[in-house]
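Reading through the structure tokens given below for one structure.
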Amino acid sequence: MSPSDIDCTTCGACCFGTHDRYIALMPEDRARAIPENLTNDHDGRRFMKMCGGHCAQLARTDDARLVCGIYDMRPEACRAFRAGSFECMKARQHRGALAEAVRNPAPIRPEIIGPETELPPAHVIASMPTGRMKPPA
Ligand code: SF4
Ligand code: SF4
């Protein structure tokens, strides 16, 4: 699969992580206007806040796409993550089903998320911002 075949807005898997140090801010991010209240401090390093198993800035559009809510100021780690890369394929393999359950929560699919698992919340936004997770041109 080539990067141009991939529509990240129908995926979002790489924004899902199991711990609160998943997206670390880099020195390059100092120049970006990432509001401090979107990040947490751990041992002097800053990380994007997570919520419900994904970055808290992940947003679901009203047409069931997952997009980055802070695209213009997204961290270096997110910019370096390439659609179609080995890491991308791994994320899709391991977290794609969970992302799909958030992107398209109805009908709830217990075979994927398990009956005891709460659906992670993704806040819904009315329109899709330009973003890393936008359809390829
Ligand atoms: S691309 Fe946006 S939503 Fe995804 S992890 Fe980065 S900052 Fe969070
Ligand atoms: S970069 Fe890969 S894992 Fe991330 S949203 Fe795009 S297709 Fe999905």
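Full extension from Thr10 to Asn37: what is 0.36 nm times the residue separation minus their Cα-Cα distance, to one decimal in nm?
Result for the pair: 7.0 nm of gain on full extension.
Taking the Cβ-Cβ separation of Met89 and Asp20 as r and a Förster radius of 30 Å, what is the calculated FRET efficiency to the nearest 0.05?
Numbers: r = 25 Å, r/R0 = 0.82.
Working from the Cβ atoms, E equals 0.75.
Every number here is computed from the coordinates shown, using simple stated rules; none is lab data. Keep in mind that what you see is a predicted model, and the values were worked out from it rather than measured. Reconstructed Cβ throughout: ideal geometry from the backbone, glycine too, with neighbour counts over all protein chains shown.
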